[in-house]
Protein chains: 10
Amino acid sequence: MTDSTFDILDTFPNPKIKRDFTINIEIPEFSCLCPKTGQPDFAVLEIDYIPDELCIELKSLKLYIWSYRDQGAFHEAVTNKILDDLVAKISPRFMSIEAKFNVRGGIYTNVTAEYIKEGWSPS
Amino acid sequence: MTDSTFDILDTFPNPKIKRDFTINIEIPEFSCLCPKTGQPDFAVLEIDYIPDELCIELKSLKLYIWSYRDQGAFHEAVTNKILDDLVAKISPRFMSIEAKFNVRGGIYTNVTAEYIKEGWSPS
Amino acid sequence: MTDSTFDILDTFPNPKIKRDFTINIEIPEFSCLCPKTGQPDFAVLEIDYIPDELCIELKSLKLYIWSYRDQGAFHEAVTNKILDDLVAKISPRFMSIEAKFNVRGGIYTNVTAEYIKEGWSPS
Amino acid sequence: MTDSTFDILDTFPNPKIKRDFTINIEIPEFSCLCPKTGQPDFAVLEIDYIPDELCIELKSLKLYIWSYRDQGAFHEAVTNKILDDLVAKISPRFMSIEAKFNVRGGIYTNVTAEYIKEGWSPS
Amino acid sequence: MTDSTFDILDTFPNPKIKRDFTINIEIPEFSCLCPKTGQPDFAVLEIDYIPDELCIELKSLKLYIWSYRDQGAFHEAVTNKILDDLVAKISPRFMSIEAKFNVRGGIYTNVTAEYIKEGWSPS
Amino acid sequence: MTDSTFDILDTFPNPKIKRDFTINIEIPEFSCLCPKTGQPDFAVLEIDYIPDELCIELKSLKLYIWSYRDQGAFHEAVTNKILDDLVAKISPRFMSIEAKFNVRGGIYTNVTAEYIKEGWSPS
Amino acid sequence: MTDSTFDILDTFPNPKIKRDFTINIEIPEFSCLCPKTGQPDFAVLEIDYIPDELCIELKSLKLYIWSYRDQGAFHEAVTNKILDDLVAKISPRFMSIEAKFNVRGGIYTNVTAEYIKEGWSPS
Amino acid sequence: MTDSTFDILDTFPNPKIKRDFTINIEIPEFSCLCPKTGQPDFAVLEIDYIPDELCIELKSLKLYIWSYRDQGAFHEAVTNKILDDLVAKISPRFMSIEAKFNVRGGIYTNVTAEYIKEGWSPS
Amino acid sequence: MTDSTFDILDTFPNPKIKRDFTINIEIPEFSCLCPKTGQPDFAVLEIDYIPDELCIELKSLKLYIWSYRDQGAFHEAVTNKILDDLVAKISPRFMSIEAKFNVRGGIYTNVTAEYIKEGWSPS
Amino acid sequence: MTDSTFDILDTFPNPKIKRDFTINIEIPEFSCLCPKTGQPDFAVLEIDYIPDELCIELKSLKLYIWSYRDQGAFHEAVTNKILDDLVAKISPRFMSIEAKFNVRGGIYTNVTAEYIKEGWSPS
């Protein structure tokens, strides 16, 4: 996975920096390619985060997600990669990502990863 | 966002001030305008609170919610603004607000913020 | 709200007094009148309790609930009143009541109150 | 209801004019004002049509629907008005509109109207 | 059942008299009394009609429905009575009423009746 | 199956004999015994009928249904037997019965039978 | 597909031969093998029939269905084969079979076939 | 309630005695009689347990459950009785039983009781 | 839309050519590009057909569907194009296609088209 | 149960070994045989695990699951056996397995077992 897509992501300042509040984002239209077979994979992404100084701008997030459409990506790796990218961009207090992939071979797979900022804990 | 709407909110005395009890209010008809594009946004609001000395009068809450209909409002900011207004009005022991916005660009966004009165904890 | 209805409530001895067990009662047919407008209000009641020496007899509970049909009752007050009445009658180890009122003016309201007997804690 | 909004509607040529096929459009975000009380009303619109020479362009339909946001409109009248406008614009072989309004005063109202072109019948 | 409630019903002129269109009304809050036992009964009413020259005004319909709250009424009789009253008031081209009563003695009962104006048939 | 239970069924006069209207009765608590194994069987009964001069009294229907609790009964036979009994008792214009039996051996069975009075057809 | 399994099917006499009534059978546990890859396939079978002189005995139907577990079977062929077998065994007035196969390669397939006895038509 | 039914229950050795694992059993077909009125009562039973040295054999559990079919049993008492019987038979590390009774008089009742072996706590 | 993808489609002989039976295929993973904006579109395809001499081979259908992933395609045109391609390939007795597109701009669009072979009618 | 199937399982290196993240796998197509009666059993398997150095390769997991198709297996034993096999293969930080078996004799059974690596605890 190339990192050029990382630059697509845009941010804006947290409008209530003093308060721990949660932003939940559901993206039902994630699609990438299976690195082994080249066939399309589909997933629903659930992102939850508590912003620190920055929030993710949604239009840029949409473009970032689309950039995976022609990339080969393993389930476990791509979920962790998206988490790493978003954390690198906005350094949130907390973030979790769940990727719920469509059935393949009679098997459904969800991958969930989370990040907690060092020194932060739920107030 | 102007603050004139704040005065619309009315209150009544908590009928059981000695007990921590919870009032849950669901408002499926919140609508405001996107500050960037001017297009209507829609959300379902979920408000939970434990009153202290005052409760929110529901008819005035309805008018307060309608007052956003012609205002531009970012998702993250407006959720925190409503929480701030309601807390300023009735000073509850606890309050949380979840705003579940309709899909835009294939993305669903929920924003959740909460307030806990200093010195209060669940009995 | 008059207290004559209180006498309708009947009880029977807890058949397993040594064990903390839970009785959940759902009453989808609660109806009273709005004290301001006189219009009928409807709610679903959810009652959970851990009995001590007495249990609520269900037929008498049905009659007690019907007695509100012609009374004016505010959401927050009537929920706490029912909890107070039932607690006074059977002195349970734990009781909670949730009243889920039908939509009015585009707003749904639930009120939840609970009681814990002094000196009792979950085993 | 002024007719200026009618001009917002745009069209494009039917790509398969020889075949009777159906286009179903669901718009969950219709909002107007109650002419009596001025309070916001909300509805889900379901539009089904079989195009003749023209189809409705969706972005212009969205703008047309938004144009009702600040207009007073009775349920029965506005549903028939939207049907009349769309029929006048694209002269379809068949069109039906169902407007499902949110609950008011404990009552849900749906209004359904349809148009069949003279001389056309289901093949 | 006294007929005084009949006068509560109000009407307004059909805004699109040339077209057969359907108005569907759901009333989840119908309540009356069982003539045998005096206990409250509850039902959801579904009314569908195609107006001729008059439509039912909804606020007056709400009051008409409330007027049954303290009347004894058998399931089969009350459904036909409401149909008769509404037909007498607005003389519609078509009307059907379904009354879905809450469970009693482990049995659910729905009663459905309909009226078709002499000389009218679906266009 | 003995016929003594047939006498339990009671009737009352149709309150609107001039109109074809439908009474739907759902009984989720039918239980009988499997004639081969003696094990309990469970079914949901759905009865629809258009009364002629008589209606089924619900309390007697409940007792009639209970009378099967200790009888052996094959799925196909018992459904037709209940239809025959009810038709013999009230001679309706139309009646249908669907018996939806619980799963046995990984197989779900529904049996549906209907009766139409000679000379009657839907108006 | 060998035909030895055909002999497993057992029958019993229709208890109400004078009436056209319907027996619906749902079998959620059909499994066979893909003839190309050897991998297990799974389907839900829905069988509807109007018996003539004979009904299918359910226990034998269960055994008949299990006999496919180790056979290779294409979706379209096996559905028609089961219909042919059951028709040959009981010669019903009407029978339909729907086989709803589990997703394979992101695609769901249902196959539906029906049989109508010559000279029979719905009464 | 006689205790003869207790002997019906059969057991088998826990196949993984070193591990705390959970067995959940849902029985949608529990039926007994109301001791006051003699009318049938129906409930769904949910049993969860962590076995120690013995597990409940399911066929015997089915017979044990059927043995209540002709017994009078109060909701609160019968739930505790079943828990006592099963605990006496297999002495589990943990067991809970929830009995969800069908609606009676417009009221739904669930009774939940649990047992924890002395000296055992969740690992 | 280039026609090269048409050659991907493969067929096999109808195993029961004497009977009109139906094959239903659901494809939840259709994706193409919006010709105006280049952004990904997503749809669920529902295909129903009654085969004549040929059936569609499912693996080749999957590849055919994937071939749209990088093509620009208007909703109305692409639905009719897929129907035309499949009809040209297998000349079925009947075929219908419904394409249910994901929400865009708060609007859901479904397009449904069908084909009936000349001289064929439902038996 | 023979252990030859154990060798089918394949693994790949954890792509993010520093982070505790969760992989959820749902397999709706588990089937084995009842050791007592030889009849097919069906279950849905839910597997959750936090990988340490290795992840389970999904295609090999599918083959491993299929290998139970012709084996006799008791509910409680087979769930623990699958957990033991997977733990032995990839030595995860955490793993739980829930097997939800289809109804038999009117009883639904779920078995849930979990494994926690010594020395590991949720971060």
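Bear in mind these aren't lab numbers, they're just calculated from the coordinates by the rules spelled out. All values reported here derive from a predicted model rather than from experimental measurement. Cβ atoms come from the backbone with ideal geometry, glycine included; neighbour counts cover every protein chain shown.
Some observations on this one:
- In percent, rounded to a whole number, the relative contact order of chain J is 28, using alpha-carbon pairs under 8 Å and six or more apart.
- Share of pairwise Cα separations in region C:64-123, more than 16 Å, in percent: 53
- Degrees, to the nearest 10: G:75-90 long Cα axis against longest axis of chain G: 30
- Only Lys, Arg (+1) and Asp, Glu (-1) charged, at Cβ; the protein assembly as shown dipole about Cα centre in debye: 0
- Histogram of C-alpha separations across the protein assembly as shown, 20 Å bin width, %: 9, 32, 45, 14, 0
- Averaging 1/r across all pairs of distinct Cα atoms in region I:23-103 and inverting the result yields a Kirkwood radius of 13.0 Å.
- Euclidean distance of C-alpha centroids, region C:1-56 and region C:105-123, integer Å: 13
- Scalar couplings 3J(HN,Hα) for region H:32-46, obtained by applying the Karplus form with A = 6.51, B = -1.76, C = 1.60 to θ = phi - 60°, are 9, 10, 6, x, 7, 10, x, 7, x, 10, 10, 8, 9, 9, 10 Hz; x denotes Gly and Pro.
- Over region G:22-68, volume per residue of the alpha carbon convex hull, in Å³: 81
- Farthest toward positive dipole pole in chain G [+1 Lys/Arg, -1 Asp/Glu at C-beta], among G:I27, G:S60, G:T79: G:I27
- Calculated [θ] (222 nm, deg cm²/dmol) that DSSP helices of n ≥ 4 give over the protein assembly as shown, each run adding -39,500 (n - 2.57): -6500 deg cm²/dmol
- Those lysines that a straight Cα-Cα span of less than 17 Å connects to F:K100, excepting residues fewer than 8 apart in one chain: F:K81
- For region I:60-66, the Karplus equation 6.51 cos²θ - 1.76 cosθ + 1.60, evaluated at θ = phi - 60°, returns couplings of 5, 5, 4, 5, 4, 5, 4 Hz by residue, with Gly and Pro reported as x.
- Straight-line cross-link reach from B:K36 at under 17 Å between alpha-carbon atoms covers these aspartates and glutamates, not counting any fewer than eight positions away in the same chain: A:D10, A:E57, B:D70, B:E76.
- Sorted by Cβ neighbour density within 10 Å, fewest at the top, the residues E:V44, J:V103: E:V44, J:V103
- FRET efficiency for the G:D7 to H:D84 pair, using the beta carbon distance and R₀ = 56 Å, is estimated at 0.65.
- Charge dipole magnitude, Cβ of K and R +1, D and E -1 - region D:26-111, Cα centre, debye nearest 20: 280
- Those trypsin sites (Lys or Arg not before Pro) in region I:23-100 that DSSP places in a loop and that have at most 13 other beta carbons within 10 Å: I:K36
- For the peptide F:8-18, the mean number of other protein chain Cβ atoms found within 10 angstrom of a residue's Cβ is 2.
- Footprinting exposure proxy for I:C55, G:C34 (fewest neighbouring C-beta atoms within 10 Å first): G:C34, I:C55
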